[in-house]
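Asker: Encoded as structure tokens, here's the structure I'll be asking about.
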Amino acid sequence: MTQETGRTTHFGFETVPEEEKAGRVHGVFTNVASKYDVMNDAMSLGIHRVWKDAMLDWLAPRPGQRLLDVAGGTGDIAFRFLNRAPGASAVVCDMTEGMLIAGRQRAEAENMADRLDWVVGDAMALPFESGTFDTYTISFGIRNVTRIPDALREAYRVLRPGGRLMVLEFSQLPNPMMQKAYDLYSFNVIPPLGQAIAGDRDSYQYLVESIRQFPDQDRFASMIADAGFDNVKYRNLSFGIAALHSGWKI
Ligand SMILES: C[S@@+](CC[C@H](N)C(=O)[O-])C[C@H]1O[C@@H](n2cnc3c(N)ncnc32)[C@H](O)[C@@H]1O
């Protein structure tokens, strides 16, 4: 049962009661789960792969490390992590079971199933003990979370001292002309593409709207620092269409 808080938040450009958002986000990802990987390549022309590789380059996983990939969906980050770090293990946690089912099928096809666990859970109340992971990642997940500060606090809690947080998320282009061109592309191309490939225009309309609502690079860096992380830094990807944020639990 969800408790009514009287607080509101955004679901794309809509204002909704806080307690409604998670259910609606869950609906979006349940609808798109079986087409998620194909749509990612189509929408970004494959560039999401370059951004995810850049995330792993900066993260530089080491052998034997234990990763928690939150909102991990079909496992893109966890697979990359394990491929780069012999003897490492990963837990993919996501609130949408359909996404995890699609990911687990990929893990079996790629012979990685024994190094991975798939856990249904909410980023704002993680079902893990404190201080148990070396690395926490969240890729294109945090903008969907109802209360981002709660998720960042949970990231801090589950990391061991010396552990590292890394976030990959859509961000803001500093140049207004580029932002305008990008808006034209995203609002006019992505929802019709969602309709054509996944038969679901509304989910992809939510996607492009949610990108606009996410805080810019500096504001998000302060939110990470407010959750207790040190040495918070970010790097823009593709001029700021996306950004990587890194922070350490010292
Ligand atoms: C755009 S997908 C990203 C999947 C994957 N990380 C990637 O980069 O391809 C967003 C994922 O966030 C998950 N999600 C959204 N809100 C969440 C929450 N509060 N807790 C856990 N997972 C959440 C959704 O179920 C979905 O699988």
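Asker: Between segment 35-89 and segment 215-231, what is the separation of their alpha carbon centroids in Å?
Answerer: 22
Asker: Report, please, the projected area of segment 196-241 averaged over directions, based on the convex hull of its C-alpha atoms, in nm².
Answerer: Projected over every direction and averaged, the Cα hull of segment 196-241 covers 4.7 nm².
Asker: Taking the dipole about the Cα centre of segment 68-115, with the C-beta of Lys and Arg at +1 and of Asp and Glu at -1, give me whichever of A71, I101, N83 is farthest to the positive side.
Answerer: N83
Asker: Quick one: putting +1 on the C-beta of Lys and Arg, -1 on the C-beta of Asp and Glu, what dipole do you get for the chain around its Cα centre, in Debye to the nearest 20?
Answerer: 640
Asker: Using a 1.4 angstrom probe, figure out how much accessible area segment 87-181 has per residue, in square angstrom, rounded to the nearest whole.
Answerer: Averaged over the residues of segment 87-181, the accessible area is 42 Å².
Asker: Next question. Would you mind telling me the share, in percent, of accessible area of segment 90-175 contributed by carbon and sulfur at probe 1.4 angstrom?
Answerer: 49
Asker: Rounded to the nearest 20 Debye, what is the dipole magnitude of segment 29-73 about its Cα centre when Lys and Arg each give +1 and Asp and Glu each give -1 at the C-beta?
Answerer: 120
Asker: Is the C-alpha gyration tensor of segment 36-111 telling us rounded, prolate or oblate? Criteria: a/c under 1.5 is rounded; beyond that, a/b larger than b/c is prolate, otherwise oblate.
Answerer: Taking the square roots of the gyration eigenvalues as a ≥ b ≥ c, segment 36-111 is oblate.
Asker: Okay, next question. Counting only trypsin sites (Lys or Arg not before Pro) that sit in a DSSP loop (anything but H, G, I, E, B) with at most 16 other Cβ atoms within 10 Å, what is the longest stretch of the chain containing none of them?
Answerer: Longest run free of exposed loop sites: 8-146.
Asker: Determine which lysines satisfy two conditions relative to K249: a Cα distance under 30 Å, and not lying fewer than 8 residues away in the same chain.
Answerer: Hits, sequence-local ones excluded: K21, K52, K233.
Asker: A further question on this structure: Is segment 70-129 best put as rounded, prolate or oblate by its Cα gyration tensor, with a ≥ b ≥ c the root eigenvalues, rounded for a/c under 1.5, and otherwise prolate when a/b is larger than b/c, oblate when not?
Answerer: oblate
The values are calculated or read from the model by the stated rules, or taken from the named source; none is laboratory data. Keep in mind that this is a model prediction, so the values were computed, not measured. When we count neighbours, we look across all protein chains shown, and the Cβ atoms used for this are built from the backbone with ideal geometry, even at glycine. Surface accessibility is based on the protein's heavy atoms, side chains included, excluding ligands, DNA and RNA. Shrake-Rupley method; radii C 1.70, N 1.55, O 1.52, S 1.80 Å.
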